[in-house]
Structures are given as structure tokens and as C-alpha cells.
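Note sheet for the following structure.
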Amino acid sequence: MSTEVELKLRFPQQFAVQIKQLSLLNTFSIAKPYQQNLYSVYYDTPDFILKNNRIALRLRQEGECWIQTIKSGGTICDGLHQHREWEYPTTDGKLDFTQLPDQRIRYFFSDQKLCQSLQPVFVTDFERTTYLLEPAKNFKLELCIDEGYITINQFDSDISEPICEIELELKSGSKAQLLQFSETLMKYSPCPLIPENKNKAIRGYALLLQKPDS
């Protein structure tokens, strides 16, 4: 298990190209940026047992591989997200709980009735541009620019909401350095960058559970 520490920032979609051209990305990059399409399926039971226990479960396709991720608990404040995270590859895009090293979370998913009732609840499909940055000695982060959609299927039709955000994920260093870098990024950004307290899972559930117009 690891604790994921990342800062999320929203921005208007029309500024994506300008943000990618910011000089500080070139200044601090220690690897060539790369793009990938990330398609994720989020799972829960019909009565949302995972959501009610503050657990997010997804299968994400990365090229030919499928990665299973479970996030649990943690805190969110002013766009800073901290969660316990378990992540590992699975075979043929199927859920697999045998690889979980954490006893408590493994016990949770040992409930066969729960596992058999898991079903897709929403998907995310977005293009991610990733920059590996080292703004200072012993301080590294990934800056990801995500552009795409969260989609649910309701009443035999798709309902989507756009994804347009920056994720700053701490790889080494301190949270204080991450926050300081975000302030620098905001200073040079061509548009306002708004701290986002809702991750993709929270937004997906909100879209799923919204009341249809009467």
C-alpha cells in the first residue's frame, strides 16, 4: 500500500494548449512528456456499498494492459487529495482481489456475495499528457493534464460530464513543496486554476445519483 498525495486543479478547456506550452514545464522537465489514452471502468454494488465505505474501485486500460486500483479513506482539502492506494495489473480486464496485501481491505473483499454483485457504474475516458518534473533537489512530481469525459448510462442513453484538470502528484519531497509549486503554476498560468476537491470517482457518483429533470 502507498499513500497517494496529489493536488487537483480545474481549468477552462480552451486553455489546455497554452498550459502545455508554459516555459516552466520545459525548465523543470527531466523526461520527455508523453500522452496516453486512459479508459477506466468504476465498479460498485447496486446499493453502493463501496461508496458508503469510502472505497473507489476501478479497472483502467493502459495500452494492452489493465490495471486495478483501489483507493480508500484519506482526506481532501483545498484540492489536496491524500488516499491509501493499492494498484496492480490484472488479467483480461477482470477484477482480482487475490493480490491485495492489506489484511483489512482484503477481508472486505473476501465477501463473495459483495464481489458477485459488483457491476460497472460509470466510466472515464480521457487523454493524459504527463510531465515528470524536478523543480528542486529531492523534489519530484508528475504533472498530468487530463482532457476527456466521465460517462454514465441512464435510461438507455449516455450522460457525460467533461474532465479538464491538472493533477500534481508528489513523487518525492514534501507536501509544502508541492503546494509551493502549485502557487508558481497558478502565477504563470494563462487562466485561473481552481483547486478541485472532487476526484473523478466523486464526480462520477454525483453524475450517477443526480435526480433526472422532471
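To test your reading of the geometry: what angle, between 0 and 90 degrees and rounded to tens, separates the Cα axis of helix 200-209 from the longest principal axis of the chain?
Computed tilt is about 50 degrees.
If you keep only loop residues by DSSP, which chymotrypsin sites (Phe, Trp or Tyr not before Pro) in segment 152-210 have at most 15 other Cβ atoms within 10 Å of their Cβ?
Phe155
List the pairs from Lys140/Lys198; Lys8/Lys51; Lys71/Lys113; Lys140/Lys175; Lys71/Lys140 whose alpha-carbon separation is above 18 Å, in the order I gave them.
As for pairs spanning more than 18 Å Cα to Cα, those are Lys140/Lys198; Lys8/Lys51; Lys71/Lys113; Lys71/Lys140.
Would you work out the charge dipole size for segment 2-209 about its Cα centre, treating the Cβ of every Lys and Arg as +1 and the Cβ of every Asp and Glu as -1, and quote it to the nearest 20 debye?
560 debye
For the Cα atoms of the chain, what angle does the longest principal axis make with the long axis of helix 175-188, in degrees from 0 to 90, nearest 10?
60 degrees
Evaluate 2.2 N^0.38 Å with N set to the residue count of the chain, then give the Cα radius of gyration divided by it.
Taking the Cα Rg and dividing by 2.2 N^0.38 Å, one obtains 1.06.
Where in segment 78-179 are there trypsin sites (Lys or Arg not before Pro) that are in a DSSP coil and have at most 14 other Cβ atoms within 10 angstrom of their Cβ?
Lys94, Lys137
Eigenvalues of the Cα gyration tensor times 5, then square-rooted: what semi-axes does that give for segment 50-173, in whole angstrom, largest first?
26, 21, 15
What number, rounded to the nearest 500 deg cm²/dmol, is the helix-based mean residue ellipticity at 222 nm of the chain, given -39500 (n - 2.57) per DSSP H run of at least four residues and division by all its residues?
When only DSSP H runs of four or more count, the value is -6000 deg cm²/dmol.
Starting from 0.36 nm per residue, how many nanometres of slack lie between Ser160 and Cys191 once their C-alpha separation is accounted for?
Between Ser160 and Cys191, full extension yields 8.7 nm more.
No lab work stands behind these numbers, since they all come straight from the coordinates. Keep in mind the model is a prediction, meaning the values are calculated, not measured. We place every Cβ from the backbone using ideal geometry, glycine too, and count neighbours over all the protein chains shown.
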